[in-house]
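Asks: Structure in structure tokens, see below.
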Amino acid sequence: MSEEVKKQRPAPDPNSAKFKLGQIAAKAYSDCVEAKARGEKVGWCASNFPVEIPETLGLHVCYPENQAAAIAARGGGERLCSESEGEGYSNDICAYARISLAYMKLKEAPEQNMPQPDFVLCCNNICNCMIKWYENIAKELDIPMIMIDIPFNPDYEVSEAQTAYIRAQFWDAIHQLEQITGKKWSEERFQEVKEISGRSSRAWLEATACAKHDPSPFNGFDLLNHMAVMVTARAKKEAADAMETLLKEYKENHEKGVSTFRAEEKYRIMFEGIACWPWLRVTSSGLKDRGINMVTTIYADAFGFIYDDFDGMCRAYSRVPNAMCLELARDKRVKLCKDDHVEGLLVHTNRSCKLWSGFMPEMSRQIGKACGIPVASFDGDQADPRNFSAAQYDTRVQGLMEIMEENKGGN
């Protein structure tokens, strides 16, 4: 970028939600680096492990999935995936895992560094690949692994038996962390953390729900960037403050009739699945250039957790997208589509995330039927750029747009 262009670009507003959220996302890593330098134990944590536990204990944890997404978005995904494959890992396993396992060996990545772990916190409500990924880290580095098993729930509600099973594991994890780190659990601090996490979640979910307005006051790809804070810092006060600022800005955008979607909003779609981080610009532009705004995605809302007590926290972590039955997962998506006046569904068939993508053909069929909208899918990957075709994506989006246009003409 030329110096002239840099001079023309306005300075970021330090009071804006975008600036605050960016600072918080960066601080999540720098805080861990500083803690490690002080001699404190630092952990690597699965994204849907209950963040309230390490936060209440005053522990510093990093998120390998978030790091892998950042590395992939900044162009390092193929390099680190290839590094893992050179060590014998199959290119058929999750690209986040391959990037993380390579980083464990290399201990450095210019795209996004974080300190090596003294323990790992694993939770399989996302997928069971997570178990072997984190087991391997623990074995290779000879560090403790704390595992929480949250079973796939075939029912619409979380039973008392499942709640009790998870509750026992949460308390076991707390006691293990007390022994490993010397930190002590405080019920008073947990109540504070719970309230802060609830503030962040309520503001975030209300902000994403602003897509109900026509036009939407935001570009849906903004959610994919802001979501990083909900993964890494939702139980921190600064995150709650920033999410409330974001909500305020979206409400003001609606009142002013403006949007962060820098094009005429001709069509509104739901994006299903994890973003293609290495191809974020291509996937975003392929929609924007056609006037298509991705107004909603279950992926963003998945990191909003609202509950009243410890048992409520157990149930909340049993209701993340990959841990719930098809019927509940479908109904949540149908509600988003109807609330946000969605006209089409674009499905990312993600080679890395086989659990998520595996049931999508049937789920997307049911969503399309329930909402009366067309469905298109494309092949891709959340972090390995080799598994995406820009030409295929363009063709599928064009086809989806043509059907949406025909449906508009028929009204």
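The values are calculated or read from the model by the stated rules, or taken from the named source; none is laboratory data. Predicted, not measured: the structure shown is a model, and the values here were computed from it. In this analysis, Cβ positions are derived from the backbone assuming ideal geometry, glycine residues included, and neighbour counts consider all displayed protein chains. Please note that ligands, DNA and RNA were not included when accessible areas were found on the heavy atoms of the full protein model with its side chains. Shrake-Rupley method; radii C 1.70, N 1.55, O 1.52, S 1.80 Å.
Asks: For V258, indicate whether it is among the hydrophobic types (A, V, I, L, M, F, W, C) and within 28 Å of A376 (Cβ to Cβ).
Replies: Values: among the hydrophobic types (A, V, I, L, M, F, W, C): yes; within 28 Å of A376 (Cβ to Cβ): no.
It is false that V258 is among the hydrophobic types (A, V, I, L, M, F, W, C) and within 28 Å of A376 (Cβ to Cβ).
Asks: Right, here's the next one. Which of the residues belonging to segment 75-91 are open to solvent by 10 Å² or more (accessible area, probe 1.4 Å) and either without any contact (Cβ under 8 Å) to a residue 24 or more places away in the chain or in contact with a Phe, Trp or Tyr (Cβ under 9 Å, 6 or more places away or on another chain) (or both)?
Replies: If the condition is that a residue be open to solvent by 10 Å² or more (accessible area, probe 1.4 Å) and either without any contact (Cβ under 8 Å) to a residue 24 or more places away in the chain or in contact with a Phe, Trp or Tyr (Cβ under 9 Å, 6 or more places away or on another chain) (or both), then R79, S82, E83, E85, G86, E87, G88, Y89, S90 are the ones that fit.
For (1) of a type in the set (D, E); (2) at pLDDT below 95; (3) open to solvent by less than 40 Å² (accessible area, probe 1.4 Å), each residue gets a yes or a no:
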position	(1), (2), (3)
A173	no, no, yes
K183	no, no, no
A203	no, no, yes
D241	yes, no, no
H254	no, no, no
I269	no, no, yes
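Asks: Which pairs turn up if I take residues in segment 355-371 that are farther than 16 Å from M324 by Cβ and in a helix (DSSP H, G or I) and look for partners that are open to solvent by less than 60 Å² (accessible area, probe 1.4 Å) and basic (K, R) with beta carbon separation below 8 Å, at least 6 apart in sequence or on another chain?
Replies: Here the result reads A370/R330, each pair linking segment 355-371 to a residue that is open to solvent by less than 60 Å² (accessible area, probe 1.4 Å) and basic (K, R).
Asks: Tell me which residues, restricted to segment 313-323, are over 14 Å from M360 (Cβ atoms) and either at pLDDT below 95 or not aromatic (F, W, Y) (or both).
Replies: Pass one, segment 313-323, residues over 14 Å from M360 (Cβ atoms): 313-320, 323.
Scanning segment 313-323 gives M313, C314, R315, A316, S318, R319, V320, A323.
Asks: Counting only residues that are surrounded by 17 or more Cβ atoms within 10 Å (Cβ to Cβ) and over 15 Å from Q112 (Cβ atoms), which one in segment 12-23 is nearest to the chain's Cα centre (by Cα)?
Replies: Kept after step one, since they are surrounded by 17 or more Cβ atoms within 10 Å (Cβ to Cβ), are these residues of segment 12-23: 17-18, 20-22.
Subsequent filtering for residues that are over 15 Å from Q112 (Cβ atoms) retains 17-18, 20-21.
Details: A17: 18, K18: 17, K20: 18, L21: 14 Å.
Checked segment 12-23; the qualifying residue nearest to the chain's Cα centre (by Cα) is L21.
Asks: Looking only at segment 211-221, count every residue that is open to solvent by 10 Å² or more (accessible area, probe 1.4 Å) and touching a helix residue (DSSP H, G or I) at 6+ places or on another chain (Cβ under 8 Å) and tell me the total. Outline the logic, then answer.
Replies: Just the residues of segment 211-221 that are open to solvent by 10 Å² or more (accessible area, probe 1.4 Å), to begin with: 212-215, 219, 221.
Those still in the list that are touching a helix residue (DSSP H, G or I) at 6+ places or on another chain (Cβ under 8 Å) too: 212-213, 219, 221.
Residues flagged as open to solvent by 10 Å² or more (accessible area, probe 1.4 Å) and touching a helix residue (DSSP H, G or I) at 6+ places or on another chain (Cβ under 8 Å) within segment 211-221 amount to 4.
Asks: Just for segment 22-52: of the residues that are outside any helix (DSSP H, G or I) and hydrophobic (A, V, I, L, M, F, W, C), which one is farthest from L224 (Cα to Cα)?
Replies: The initial filter retains those residues of segment 22-52 that are outside any helix (DSSP H, G or I), namely 38-51.
Filter again for hydrophobic (A, V, I, L, M, F, W, C), leaving 42, 44-46, 49, 51.
Values: V42: 26, W44: 21, C45: 20, A46: 18, F49: 19, V51: 19 Å.
Checking each candidate, the answer is V42.
Asks: Can you name the number of the only condition in (1) closer than 22 Å to E187 by Cβ; (2) at pLDDT below 95 that L57 fails?
Replies: Failing condition for L57: (2).
Asks: A further question follows. Which residue is surrounded by the most Cβ atoms within 10 Å (Cβ to Cβ), if the candidates are limited to segment 111-148 and must be under 20 Å from the mean Cα position of the chain (by Cα), of a type in the set (V, I, T) and within 18 Å of L177 (Cβ to Cβ)?
Replies: So the first thing to find is which residues in segment 111-148 are under 20 Å from the mean Cα position of the chain (by Cα), and the list is 111-114, 120-131, 133-134, 148.
When the remaining residues are screened for being of a type in the set (V, I, T), the result is 120, 126, 131, 148.
Narrowing further to those that are within 18 Å of L177 (Cβ to Cβ): 120, 148.
Details: V120: 24, I148: 20.
Top of the filtered list is V120.
Asks: So, one more: For the subset of segment 75-101 comprising residues that are hydroxyl-bearing (S, T, Y) and outside any helix (DSSP H, G or I), which member is nearest to P64 (Cα to Cα)?
Replies: Let us first name the residues in segment 75-101 that are hydroxyl-bearing (S, T, Y), namely 82, 84, 89-90, 96, 100.
Then drop every residue that is not outside any helix (DSSP H, G or I), which leaves 89-90.
On the way: Y89: 17, S90: 19 Å.
Result: Y89.
Asks: Could I ask something else about it? Which number in (1) buried (at least 19 other Cβ atoms within 10 Å of the Cβ); (2) of a type in the set (A, V, I, L, M); (3) closer than 20 Å to G291 by Cα marks the one condition that M360 misses?
Replies: Going through (1) buried (at least 19 other Cβ atoms within 10 Å of the Cβ); (2) of a type in the set (A, V, I, L, M); (3) closer than 20 Å to G291 by Cα one by one, M360 breaks only (3).
Asks: Checking the conditions here, which among T260, T283 is crowded, with 19+ Cβ neighbours inside 10 Å, among the polar types (S, T, N, Q) and touching a residue at least 24 places away in the same chain (Cβ under 8 Å)?
Replies: T283
Asks: If you go through segment 291-333, how many residues are over 19 Å from the mean Cα position of the chain (by Cα), within 30 Å of T260 (Cβ to Cβ), surrounded by fewer than 18 Cβ atoms within 10 Å (Cβ to Cβ) and touching a residue at least 12 places away in the same chain (Cβ under 8 Å)?
Replies: 1
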